[in-house]
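Q: What follows is a single structure, and I will ask about it in a moment.
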Amino acid sequence: MSQSPVAALVVVLTLVVVLLTSGVAKLRDRRATRDAFTALRVPGVVPAEPGAAALPWVEVVTAALLLAAPAAWLVPVAVVVLLLMLAYTALVARAMTFDEPVTCSCFGGIGRHDVGARTLARNVLLTGLAGAALWYALGDGSVPAALAALDRDGWWAVAAAAAACAVAGLVVGTPQAVVPLPTEDAELLDYERQAIPYGALSLTGGRTVTLAELSATQARLLVVLNPHCGPCVRTAELLDDWAARLAPAVGVVAVYPDAASATSAVGHSADLAAWEPELNVRRVFSVAAPAAVLLGADGFLAGGPVEGEAEVAGFVAEVLAEVDESPAPAE
């Protein structure tokens with residue numbers, strides 16, 4: 001690659017864009033970065049709080065150094081980038097072996113998604129690019145030197161590559177438009193009630209019940225959680241308060257993916273915990289943690305499902321308001 005300044009620039013500039021995008025996104029959403037440390041179970045050798053605070057700056061600074069470092073200094077910078085990409089790849093590969101699905105904000109708030117084969121493939125490709133950048137640096141290459149070596153055709157090639165990347169980003173990253181209902185129509189629409197679907201939960205006492213059986217005598221607020229998930233941990237810490245305020249009209253159930261995570265759950269009373277065989281609850285409602293759904297005592301859904309930390313909190317606030325407005329049962 002040392003003989004091709006165009007190829008060198010495309011590789012290094014790709015890494016620069018990725019690192020800058022990731023670093024700036026993490027700086028704009030520090031909580032998401034901290035949550036990623038929890039979700040990926042980053043080993044304790046890297047302290048979570050200082051590590052999450054420093055990581056965005058490491059990415060931004062290394063991106064700037066990739067651009068500006070002379071040949072003599074590019075080698076250590078490229079080594080840092082390669083180690084960073086290798087670490088990201090190892091964490092993602094390890095997360096794919098976890099029992100519960102992992103949601104990671106790898107690019108701050110703009111990169112929140114379930115970790116899977118696509119995430120791993122992306123990181124492997126970035127690791128390859130980082131290795132190519134190191135090879136270029138070992139050949140006394142640098143971005144300033146590559147820019148100086150470009151002729152007119154080279155500038156056109158770099159510009160075309162940049163334009164192709166910009167178009168790809170716009171096409172892939174363009175969100176679908178959401179057209180809200182007019183206010184008048186929205187007020188006329190009521191929640192379309194559906195029968196409670198089949199699902200099963202195992203309670204901490206060892207009894208397994210269907211969702212319909214669980215809600216036969218009392219409405220139930222199911223809150224779907226994962227043990228290693230920042231938004232889930234913060235949501236779990238609210239459950240005891242919600243349970244106290246909703247009782248006796250609504251019972252709260254914290255739904256975990258397996259028995260181990262339910263029995264070791266922290267942040268709320270142990271008697272609120274249950275687990276779902278084969279993730280059947282989150283599958284039947286097509287949600288990822290944290291999520292919530294309200295089961296009515298009449299065999300029908302009474303609200304939800306909703307997904308996301310803020311959405312769950314807002315949904316429960318609405319349920320609390322309804323419970324507070326309901327007349328007290330006659331003595």
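Q: For a Förster distance of 30 Å, can you work out the FRET efficiency between the beta-carbons of THR210 and ARG245, rounded to the nearest 0.05?
A: Efficiency, from the Cβ-Cβ distance: 0.65.
Q: Heavy atoms only, probe 1.4 Å: what % of the accessible area of the range 271-330 goes to carbon and sulfur, would you let me know?
A: After summing per-atom areas, the C and S share lands at 56 percent.
Q: I've got another one for you. Fully extended, how many nm does the chain gain between ALA259 and PHE300 (0.36 nm per residue separation, minus their Cα-Cα distance)?
A: That pair, ALA259 and PHE300, stretches by 12.1 nm at full extension.
Q: Please calculate how many Å² of accessible area the range 28-100 carries per residue, with a 1.4 Å probe and no DNA, RNA or ligand atoms counted.
A: That works out to 52 Å² for each residue.
Q: Further, regarding this structure: Using amide H atoms built 1.01 Å from N in the peptide plane, name the residues 5+ places from GLY251, or on other chains, whose amide H lies under 5 Å from its own.
A: ALA219, ARG220, LEU221
Q: Follow-up question, since we're still on this one. What length, rounded to one decimal in nm, is gained on full extension from ARG234 through to ALA64, with 0.36 nm per residue of separation minus their alpha-carbon distance?
A: Full extension from ARG234 to ALA64 adds 57.7 nm.
Q: Between ASP151 and VAL45, what length comes free when the chain is fully extended (0.36 nm per residue of separation minus the Cα-Cα distance, one decimal in nm)?
A: The ASP151-VAL45 span can extend by a further 33.4 nm.
Q: Rolling a 1.4 Å sphere over the protein heavy atoms, what is the accessible area per residue of the range 271-331, to the nearest Å²?
A: 51 Å²
The values are calculated or read from the model by the stated rules, or taken from the named source; none is laboratory data. No experiment lies behind these values; they were computed from the predicted model shown. FYI the Cβ positions are ideal-geometry reconstructions off the backbone, even for glycines, and counts take in every protein chain you see. The area values use the complete protein model at the heavy-atom level, side chains included, leaving out ligands, DNA and RNA. Shrake-Rupley method; radii C 1.70, N 1.55, O 1.52, S 1.80 Å.
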